[in-house]
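The block underneath contains the structure these notes are about, expressed in structure tokens.
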């Protein structure tokens, strides 16, 4: 039996590398396309770099000719598009990279996939987006029909890419699906993000910086649960649909920090400097994101398996057992405060 070939864009990143791990376990052949930026890390793929079903190709989505050749050569059944600039604070300091990657890169991918899918009608594009496109959701939960109201240049660039993908579905009958997921956490996440940054500071016996008063609420999902949902959407999702992927678990940043300290104490002896320290808030910081994920529960029969306490415990242990991961990154740059308007 011929194995299904899958392309994952941005596969050296956090979610992409975890998705590849799962796809290989499920016996797919995977081609990882990544342009190699500061958040790309070969540490994330070292476990399967010699796997005969895995191949890495350096390619920017804005390189249309190379992208075309890759698709025509490997003939994937599905492309999971995870290639994106994702850090809100960086988008505040310099939005240009976000426009190039998240909008122009997606436009190029759509143009190439449009031609490819005419000859390969059973192929699909799964475009992975974020709950941040909905902006502040102060009450209730945003379903797939909720209006987009992005607050940061990052969220706006992702919203733009979602609209672009959907326009190609409507206009060109492109076989694509859009997913919007809540805050991911877990192994291999770049330490510019909250949990791996706090874990690093705990290990290094430093204070834990929390924006504002720590009351910003996020919906948290363990990365493997997200990846399982993506594979199920590829297999069972309806072309042209949007699917929210969430856990229904909301916690404030201060609650996350306190849970992490509690879990850390069970695993290591923590130093006296490990205390929460409130720092100046991010400009335009959304108060709350919360997804309504009933559609995926009903249509795809997917639900998350990892509860938050177990997930944070697994995450902490992974970083503790992979301290080399931190040394593979320029930590001074990763932990430097950015995203304050000049």
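No value in this document is a laboratory result; all are computed from the given coordinates. Note that the coordinates shown come from a computational prediction; the quantities given were computed from them, not determined experimentally. In this analysis, Cβ positions are derived from the backbone assuming ideal geometry, glycine residues included, and neighbour counts consider all displayed protein chains.
The table that follows gives values for the structure above.
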read-out: For the stretch 173-289, Kirkwood radius (reciprocal of mean inverse C-alpha pair distance, Å); value: 16.1 Å
read-out: Exposure proxy ranking, count of Cβ atoms within 10 Å, fewest first, for 327, 207; value: 327, 207
read-out: Relative packing of 138-146, 100-108, which averages over residues the other C-beta atoms within 10 Å, highest first; value: 100-108, 138-146
read-out: Length-normalised contact order for the stretch 241-342 - Cα pairs under 8 Å, 6+ apart - percent; value: 44 percent
read-out: Cβ-Cβ FRET estimate between residue 331 and residue 238, R0 fixed at 51 Å, reported to 0.05; value: 0.75
read-out: Length added when fully stretched, residue 262-residue 170, from 0.36 nm per residue minus Cα-Cα; value: 28.2 nm
read-out: Cα-based helix-to-principal-axis angle, 308-321 vs the chain, degrees rounded to 10; value: 90 degrees
read-out: Alpha-carbon spread of the stretch 127-225, three principal axes, descending order, Å; value: 55, 29, 24
read-out: CD proxy at 222 nm, helix term only [per DSSP H run n ≥ 4: -39500 (n - 2.57); per residue of the chain; nearest 500]; value: -11500 deg cm²/dmol
read-out: Length gained when the stretch residue 287-residue 46 is fully extended (0.36 nm per residue, less Cα-Cα span); value: 83.0 nm
read-out: Unit Cα scatterers, Debye sum, the stretch 262-342: log10 I(q)/I(0) for q = 0.16, 0.25 Å⁻¹; value: -1.08, -1.20
read-out: Centroid-to-centroid separation of the stretch 60-93 and the stretch 240-303 [C-alpha atoms, Å]; value: 27 Å
read-out: Sorted by Cβ density within 10 Å, fewest first, the residues 285, 127; value: 285, 127
read-out: Förster radius 30 Å - calculated FRET efficiency between residue 104 and residue 303, Cβ distance, rounded to 0.05; value: 0.25
read-out: Ordering of 173-179, 234-240 by packing [mean C-beta count within 10 Å, highest first]; value: 173-179, 234-240
read-out: Kirkwood hydrodynamic radius over Cα pairs of the chain, then Stokes diffusion coefficient at 37 °C and 0.692 mPa s, in µm²/s; value: 161 µm²/s
read-out: The chain: relative contact order in percent, alpha carbon pairs under 8 Å with at least 6 residues between; value: 19 percent
read-out: The stretch 191-280, relative contact order in percent, only Cα pairs under 8 angstrom and at least six apart counted; value: 52 percent
read-out: Sorted by Cβ neighbour density within 10 Å, fewest at the top, the residues 217, 129; value: 217, 129
read-out: Pairwise FRET efficiency - residue 324 versus residue 111, Cβ, R0 = 30 Å, nearest 0.05; value: 0.15
read-out: Tilt relative to the chain, helix 194-203 - C-alpha long axis, 0 to 90 degrees, to 10; value: 40 degrees
read-out: C-alpha long axis of helix 153-172 to longest principal axis of the chain, angle in °; value: 20 degrees
read-out: Share, in percent, of DSSP beta bridges within the chain that are antiparallel, nearest 5; value: 10 percent
read-out: Isotropically averaged projected area of the stretch 80-164, using the convex hull of Cα atoms (one quarter of hull area), nm²; value: 6.1 nm²
read-out: Residue with peak Gaussian network fluctuation, the chain [Cα springs, cutoff 10 Å], from 199, 249, 312; value: 249
read-out: Inter-label distance, nm, simple model (7 Å from Cα along the C-beta direction), residue 138/residue 96; value: 3.7 nm
